[in-house]
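Visitor: The structure that follows is given in the form of structure tokens.
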Amino acid sequence: MSLSDPVGDTTHFLSDDSEGEEPGVRPGQEEESPSGVSVNRARLTVAVLFYINLLNYMDRFTVAGVLPDIENYFGISDGNSGLLQTVFVCSYMLLAPCFGYLGDRYNRKWIMLVGISFWSLVTLASSYTPKNSFWALLLTRGLVGVGEASYSTIAPTIIADLYVKEKRTVMLSVFYFAIPVGSGLGYIVGSSVDKLAGDWHWALRVTPGLGLLAVLMLLFVVKEPKRGGVEARPEHQLQRTSWLADMKSLSRNLYFGIVTCVTGVLGVTSGMLVSRSLRKRTQRADPLVCAAGLLLSAPFLFLAIVFAQSSTVATYVFIFLGETFLSMNWAIVADILLYVVVPTRRSTAAAFQIVLSHCLGDAGSPYLIGVVSDSLRKRDSYLWQFRSLQVSLMLCSFVAVVGGGFFLATALFIEGDRNRADNYSPSGEEGYYDEPIVVPRSGRSTKVPVSSVLI
């Protein structure tokens, strides 16, 4: 089917039917898969969804790249500027289930079209916020969360209806690789446009223009696949249930999510408290706490994988302990990043940290673990599928140990890096740090910059 074929692309927004199928394959036309989407069009669909996800995270982090200018423009405190992200996340979080409900019942392509169009218009409107109306910027950022929720909850399900097994894993990895890249680009593009234009408002006008291109590609390239078609479970054979029945069924699969939420709160809180207490004894407290968290999490995560088949209770206990220790470094790492970098370079440093952490972590790890699992599997049986994936997941524990070793190495340099950032002087030559020296002053010695005593 050609990309401009109108069949099904005019499906009504509230239509529950997938886009139409034709009884045969016309001459010169590529045979479609059980999803109702040709192979080439499926690849183009993933490319379009990747592009939109890239814009999604670019927009999300553009504000962070120009946040100091926003604070100066409105004359607000750090607490009020933090509300911009809080309002966005709250609307995104609260409305995601609503769009999940709609996405399971109505045409997903049209829901995304409306959502992305709305998100682009609201983002553009936020760039015209007057100086005395910070509340309007808060309102528009909250509305941006509405648009992003309409896309983020639905796009992965379209990929799931286009591919199965290993191909699905690969395509989802491509889709989610947009998270680190888009986040980093958001910082870089936002701050760069702000500097070039001399006005932070222009930074918020980049993604809306790119969003218009996304709407056009979504309209003419993406086709709604048949739900469950590639899994030999076509949509007309699947029984629809009420939203309450859906939630009741899903709640049985949420134990791991609940454990993760609880351990995340406990880990972040305990890491902060232990680090604060240990700082009274040593300036190397932060990397030492991060190292301890990773090294302690490794054996518990390893045991959780080992007991996965024999004891569900033991598995959840070890997961609880492992994730708690693993979460101890989240807030501390952000703090370290801020105090070892001078204020004028923190946005760029944060961008690199986001890109590198995702590139070395969740961007490629699902695919690598899948490859290792496939290489270990000797026959296509349930037992071998379980065993091969179980062994491949054990790599995560060893990576945690390596990470702990890097944090121990960081502890050797953290004091010097922090002192250089605290005493940095832009007046010196590039790469030169104006280290303080001790000179006498009124009968006492005091530390002053080198440049203040040079003639």
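The values are calculated or read from the model by the stated rules, or taken from the named source; none is laboratory data. Every value quoted in this text rests on a predicted model; they were computed, and no experiment measured them. Heads up, the Cβs are rebuilt from the backbone with ideal geometry, glycines too, and the neighbour counts pull from every protein chain shown. Please note that ligands, DNA and RNA were not included when accessible areas were found on the heavy atoms of the full protein model with its side chains. Shrake-Rupley method; radii C 1.70, N 1.55, O 1.52, S 1.80 Å.
Visitor: Could you run through the stretch 276-330 and say how many residues are closer than 23 Å to Phe413 by Cβ, in a loop (DSSP other than H, G, I, E, B) and in contact (Cβ under 8 Å) with a residue 60 or more places away in the chain?
Guide: Residues that pass the stated criteria total 2.
Visitor: Would a scan of the stretch 38-49 turn up a residue that is in contact (Cβ under 8 Å) with a residue 24 or more places away in the chain, within 17 Å of Ser126 (Cβ to Cβ) and not in a helix (DSSP H, G or I)? Explain how you work it out, then say what you get.
Guide: Here is the first cut: in the stretch 38-49, the residues in contact (Cβ under 8 Å) with a residue 24 or more places away in the chain are 38, 41-42, 44-46, 48-49.
Now restrict to residues that are within 17 Å of Ser126 (Cβ to Cβ): none.
Checked the stretch 38-49: no residue is in contact (Cβ under 8 Å) with a residue 24 or more places away in the chain, within 17 Å of Ser126 (Cβ to Cβ) and not in a helix (DSSP H, G or I).
Visitor: Which of the residues belonging to the stretch 99-148 are assigned to a helix (DSSP H, G or I) and either over 30 Å from Asp69 (Cβ atoms) or in contact with a strand residue (DSSP E or B) (Cβ under 8 Å, 6 or more places away or on another chain) (or both)? Full working, then the answer.
Guide: Of all residues in the stretch 99-148, those assigned to a helix (DSSP H, G or I) come to 99-103, 108-126, 134-148.
Correct list: Phe99, Gly100, Tyr101, Leu102, Gly103, Arg108, Lys109, Trp110, Ile111, Met112, Leu113, Val114.
Visitor: If Pro34 satisfies every condition in (1) in a helix (DSSP H, G or I); (2) open to solvent by 10 Å² or more (accessible area, probe 1.4 Å); (3) in contact with a helix residue (DSSP H, G or I) (Cβ under 8 Å, 6 or more places away or on another chain) but one, which is the exception?
Guide: (1)
Visitor: Suppose the filter is within 23 Å of the chain's Cα centre (by Cα) and either open to solvent by 50 Å² or more (accessible area, probe 1.4 Å) or closer than 24 Å to Asp194 by Cα (or both); does Asp59 pass it? Show your work before the answer.
Guide: Values: within 23 Å of the chain's Cα centre (by Cα): yes; either open to solvent by 50 Å² or more (accessible area, probe 1.4 Å) or closer than 24 Å to Asp194 by Cα (or both): yes.
So Asp59 passes the test.
Visitor: Filter the stretch 193-216 down to the residues that are over 26 Å from Ala155 (Cβ atoms) and either without any contact (Cβ under 8 Å) to a residue 12 or more places away in the chain or open to solvent by less than 40 Å² (accessible area, probe 1.4 Å) (or both) and list them by number.
Guide: Going through the stretch 193-216, the residues over 26 Å from Ala155 (Cβ atoms) turn out to be 193-202.
The answer is Val193, Asp194, Lys195, Leu196, Ala197, Gly198, Asp199, Trp200, His201.
Visitor: Condition test on Thr86, is it in a loop (DSSP other than H, G, I, E, B) and more than 30 Å from Phe220 (Cα to Cα)? Break it down into steps so the answer makes sense when it comes.
Guide: Numbers: in a loop (DSSP other than H, G, I, E, B): no; more than 30 Å from Phe220 (Cα to Cα): yes.
So Thr86 fails the test.
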